[in-house]
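Remarks on the structure that follows.
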2 protein chains.
Amino acid sequence: MVFKISPLMPQNIQELSPLSDVRIATAKAGIKYKDRTDLLFIVFDKPASVAGVFTRSKCPSAPVEHCRASLPHGVARGVIVNSGNANAFTGSKGKNTTNEIICAAANTLKVRENEIFIASTGVIGEPMDASAIVNLLPSMAETAEEGNWLEAAKAIMTTDTFPKLSTRTFNCGGVNVTINAIAKGAGMIAPDMATMLSFVVCDATISSDMLQSMLSEAVQGSFNSITVDSDTSTSDTLMIFATGKEHFPCLKSQSDPRYGIFVKQLSELLHELALQVVCDGEGARHLIEVNVSGATTDKAAKTIALSIANSPLVKTAIAGEDANWGRVVMAVGKAGVEVDRDLLTIWFGEHRVAVNGERDPAYCEEKIAAYMRGKHITIRVDIGLGESSTTVWSCDLTKEYVMINSDYRS
Amino acid sequence: MVFKISPLMPQNIQELSPLSDVRIATAKAGIKYKDRTDLLFIVFDKPASVAGVFTRSKCPSAPVEHCRASLPHGVARGVIVNSGNANAFTGSKGKNTTNEIICAAANTLKVRENEIFIASTGVIGEPMDASAIVNLLPSMAETAEEGNWLEAAKAIMTTDTFPKLSTRTFNCGGVNVTINAIAKGAGMIAPDMATMLSFVVCDATISSDMLQSMLSEAVQGSFNSITVDSDTSTSDTLMIFATGKEHFPCLKSQSDPRYGIFVKQLSELLHELALQVVCDGEGARHLIEVNVSGATTDKAAKTIALSIANSPLVKTAIAGEDANWGRVVMAVGKAGVEVDRDLLTIWFGEHRVAVNGERDPAYCEEKIAAYMRGKHITIRVDIGLGESSTTVWSCDLTKEYVMINSDYRS
């Protein structure tokens, strides 16, 4: 199946500068895809700090289990990512495959096994042969070069229609630091999962503890606030690495003024990357932003926002460019959070469509119809009961989504 | 938009016998549809007991609020149902419309207002004019006849592609009693909601308390175990009425041996009707039955079953006749309930596809592919941790679902 490039692709793909001591190699291992790279090896020539967040699935893949178990050691020397096979629900074989790859990479780099991190994305339940990957690692480690970020982003794609990259260079306590990041998103083809993978590398000197704390904070408004179809992969992985930098004293406390500066930049970068993932949701034709305000608690705001963002009826309405605010009311109502129907106010973009429990008296179909033809649709709901607010992002549900996902596996 | 009749329609529409003192009239009020009936008036010539369950939406419609408030009185003399306008999110106007209709019906039948029940289904947020309905009530009350159940089922349809009826006649403590029921289902056309309405009438003599208790029990394995797209209407209404019968002493205690007999029959009838609703889900081409066994609690079993039954990726796979058990694992994992990946066993029909955390060694693609071409697909998952089990029903997610629901409102 050939995928059309998403109409929501950013106009420019960002160029990422090389980072010192971060060498990248890609290769064609032939795991599933032909004539394209499907293997990425990132080598840290000096020990890097590391942190990560992973899928909440109760059935995680073998690679996710390895990464979780290795994090407490707090040191990374290499990252291996393959596309084409998720090595998920592959039983003891899958665990062995992961171990073989980890072991080979550790030997190649002469480092400890818990300093190698791994992620796999693609087919689920299909045994994966380690040898195709293992055999390539020595030459990849040798030829890996600083730079190559675009190639890295391309090698981890499955049904993504464009590579996803983001970068920030900023002054952090008098020293310029750079954060580079790649991601792959929720493009799915049967039986691939909507695995979201993202790898972030910065050249600042930050303890693993602080990295974890900053990542957990920055993920809330970005990767934890997007949804394509409410389905959660067995393999979702977001990791950050800090290689360290001369003249940048180690950031190891939240009271360090650089903490806030770094978190802000990291949050913006992850947010940009997360939106790229949504914009490449299968069959997406519209980016949907859902703002909920006036909720009684942050949790209530997010529950309501996700109820709207995941509603098939809301998502199909946006696909049809239909300002169907009745379905928004429905989605608010089904969220299970206490609301007062007659206090709801709903806007599409700047157009207020419902107020005081009924259609806005000034409702103008023509103006709203024009707005709905845009690519970026904002749905705003004020609950009228409190002070909490949140924003989440989603995409529309189109015929193409169903076509992509109902295609035969064979 | 014209809807093709669902390929899952039952082969025969059941004929319902007339019930004494239950008179039915239908009419063309022209609320939205042209050239078809859209108004139903059921008249109980003697006071009937009544019970009901309603949408859990926090934004219910005005008719739902009226019914909830009237139930404690425990007596029904009339039911009015219109299709074409849900009178939901219509503010104080909507409440006035409901009150006007209730008042007119009560005057016509010379009964109390809280003895009239009402339901509306159709467009949301559109003010509804009471007069078209009010003007028809006197003549409808006069011409209403015993029987007419098929006409009743047709008058409440919105985008249903077939009328939904079910009946049972059985011996209950030495007396033959009959339960008749109609429903409308989850056919949707923008901006109609997936409102589920069902009205059940029996000729047994049962107190309202007992009716409520029996209905609450019987709804669990039927209407509370089906899902089309996880979206919940503002107007879902299921009501039961008991007109009473000579030589049938009033059933007013759970210890009455007739209680169990009646609940069993009611459960079967509601189950049959609920499956008709799923089989008429928009664009449905396959009925999906999800059995979850071996869960630690009933609640865990249902959470997992609904996670599978609502997963867009599982539903699109079934549409594509693809035995994609990897997506079933994903849906189990995302349910948030504690599971052990390596204890899961998964079947499609009789075909075991996964066991011990990986694909079944005896997996045979050909046999399973043949099974997946059937109309009724059973997904069975054993969690391997406990004794609790449950079954829910859903339908597949097809291109037609998206087409129906992304069509312009105008």
- Order the peptides A:59-66, A:288-295 from the highest to the lowest mean number of other Cβ atoms within 10 Å of their residues. A:59-66, A:288-295
- Message: Given R₀ = 22 Å, what would the calculated FRET efficiency be for A:N107 paired with A:S20, taking r from the Cβ atoms and rounding to 0.05?
- Response: 0.35
- Query: Where the centroid of each part is defined by its Cα atoms, how far is region B:312-372 from region A:50-120 in Å?
  - Reply: 24
- Message: Which of rounded, prolate or oblate describes region B:98-237 when judged by the alpha-carbon gyration tensor and an a/c cut-off of 1.5?
- Response: oblate
- Message: Suppose each label sits 7 Å from its Cα in the direction of the beta carbon; what would the B:A369-A:C364 distance come out to in nanometres?
- Response: 5.7
- Exercise: per-residue mean of other protein chain Cβ atoms within 10 Å, B:332-343: 5
- Task: From other protein chains only, count the Cβ atoms within 10 Å of every residue's Cβ in A:398-404, then give the mean.
- Result: 6
- Note on the structure: Given backbone amide H placed at 1.01 Å from N, residues whose amide H is under 5 Å from that of B:E146, ignoring those fewer than 5 places away on the same chain, are B:I24
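Pop the C-beta distance of A:N99 and B:N12 into the FRET formula with R0 = 41 Å and round what comes out to the nearest 0.05.
About 0.10, to the nearest 0.05.
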- Can you list the distances in nanometres, one decimal and ascending, from the A:T296 label point to the identical position in each other copy, with the point 7 Å along Cα to Cβ? 2.9
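Give, as a single signed number, the net charge of other residues whose beta carbon lies under 15 Å from the beta carbon of A:S267, with Lys and Arg counted +1 and Asp and Glu -1.
Here the count lands on 0.
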- Item | Dipole magnitude (debye, nearest 20) for chain B, charges at Cβ of Lys, Arg, Asp, Glu | 460
- Provide an ascending nm list, one decimal, of label-point separations from B:D21 to the equivalent residue in each further copy; define each label point as 7 Å from Cα along Cα→Cβ. 9.0
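What fraction of the DSSP beta bridges in chain A is antiparallel, stated in percent and rounded to the nearest 5?
Details: 53 of 76 bridges.
Looking only at bridges with both residues in chain A, the antiparallel portion is about 70 percent.
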- Message: Taking 8 Å as the Cα distance limit and 6 or more residues as the minimum spacing, I'd like the relative contact order of region B:47-181 as a percentage.
- Response: 23
- For A:M9 the rounded accessible area (nearest 10 Å², probe 1.4 Å, non-protein molecules ignored) is 70
- Translational diffusion coefficient (Stokes-Einstein; Kirkwood radius from C-alpha pairs) of region B:53-174 at 4 °C, 1.567 mPa s, in µm²/s: 83
- Note on the structure: The computed P(r) of region B:1-100 puts the percent of Cα pairs beyond 20 Å at 57
- Item | Largest-first principal axis extents, alpha carbons of chain A, Å | 71, 55, 37
- Item | Under-5 Å amide H pairs with A:G84, H placed in peptide plane, nonlocal only | A:T121, A:G122, A:V123
- Which distance in Å, rounded to a whole number, links the C-alpha centroids of region B:241-300 and region B:131-187? 18
- Item | ³J(HN,Hα) computed for each position of region B:162-168 - Karplus, 6.51 cos²θ - 1.76 cosθ + 1.60, integer Hz, glycine/proline x | 8, x, 10, 9, 7, 8, 9
- Note on the structure: Flagged as over-length at 30 Å C-alpha distance, from A:K95/A:K315; B:K4/B:K34; A:K46/A:K184; B:K264/B:K299; B:K46/B:K164; A:K367/B:K184, the pairs are A:K95/A:K315; A:K367/B:K184
- Query: Using the Karplus equation 6.51 cos²θ - 1.76 cosθ + 1.60 (θ = phi - 60°), what ³J(HN,Hα) coupling, rounded to whole Hz, does each residue of region B:343-357 give in order, writing x for Gly and Pro?
  - Reply: 9, 5, 10, 10, 10, 10, x, 8, 8, 6, 10, 9, 7, 6, x
- Message: If I model a spin label as a point 7 Å beyond the Cα along the Cα-Cβ vector, how far apart are those points for B:R56 and B:S253 in nm?
- Response: 3.3
- Task: Using label points projected 7 Å from each Cα along Cα→Cβ, tell me how many nm separate A:D35 and B:E350, to one decimal.
- Result: 4.5
- If you keep only loop residues by DSSP, which GluC sites (Glu not before Pro) in region B:310-401 have at most 10 other Cβ atoms within 10 Å of their Cβ? B:E350
- In debye to the nearest 20, how big a dipole does the protein assembly as shown give about its Cα centre with +1 on each Lys and Arg Cβ and -1 on each Asp and Glu Cβ? 60
- Item | Using alpha-carbon coordinates, inclination of helix A:298-310 to the longest axis of chain A, degrees | 90
- Please work out, to two decimal places, the log10 of the ratio I(q)/I(0) at q = 0.05, 0.06, 0.09, 0.10 Å⁻¹ from a Debye calculation in which every Cα of the protein assembly as shown carries one identical scatterer. -0.30, -0.43, -0.88, -1.03
- Whole-Hz couplings from phi, Karplus 6.51/-1.76/1.60, listed for region B:248-259; x for Gly and Pro: 10, x, 4, 7, 9, 8, 5, 7, 4, x, 6, 4
- Message: Can you give me the long-range amide H partners of A:V353? Hydrogens built in the peptide plane at 1.01 Å from N, cutoff under 5 Å, separation of 5 or more residues or another chain.
- Response: A:I346, A:W347, A:F348
- Note on the structure: One would report the antiparallel percent of DSSP beta bridges in region B:287-407, rounded to the nearest 5, as 70
- Item | Extent along principal axes [Cα atoms of region B:287-407; Å; largest to smallest] | 44, 32, 19
- Message: If each label sits 7 angstrom from Cα along the C-beta direction, how far apart, in nm, is A:G260 from its counterparts in the other copies?
- Response: 6.9
- Message: Suppose we compare each residue of region B:54-75 in its chain alone and in the full protein complex with a 1.4 Å probe; which ones drop by at least 40 Å² of accessible area?
- Response: B:K58, B:C59
- Task: Considering only DSSP beta bridges where both residues belong to the protein assembly as shown, give the percentage that are antiparallel (nearest 5).
- Result: 70
- Added length on full extension, which subtracts the Cα-Cα distance from 0.36 nm per residue, B:H376 to B:E338: 10.8 nm
- Task: Would you mind estimating how fast region A:54-114 diffuses translationally, via Stokes-Einstein at 10 °C and 1.306 mPa s with the Kirkwood radius over Cα pairs, in µm²/s?
- Result: 129
- Task: Putting +1 on Lys and Arg Cβ atoms and -1 on Asp and Glu Cβ atoms, find which of B:H271, B:M214, B:A300 reaches farthest to the positive end of the dipole of chain B.
- Result: B:M214
- Note on the structure: Here the whole-number average of other chain Cβ atoms within 10 Å per Cβ of B:301-313 is 3
- Item | chain B - percent relative contact order, Cα under 8 Å, separation 6 or more | 18
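The values are calculated or read from the model by the stated rules, or taken from the named source; none is laboratory data. This is a predicted model, so every value here is computed, not measured. Quick reminder, even Gly has a Cβ in these numbers, built from the backbone with ideal geometry, and neighbours come from all protein chains shown. What goes into the accessible areas is simple: the full protein's heavy atoms, side chains included, and nothing from ligands, DNA or RNA. Shrake-Rupley method; radii C 1.70, N 1.55, O 1.52, S 1.80 Å.
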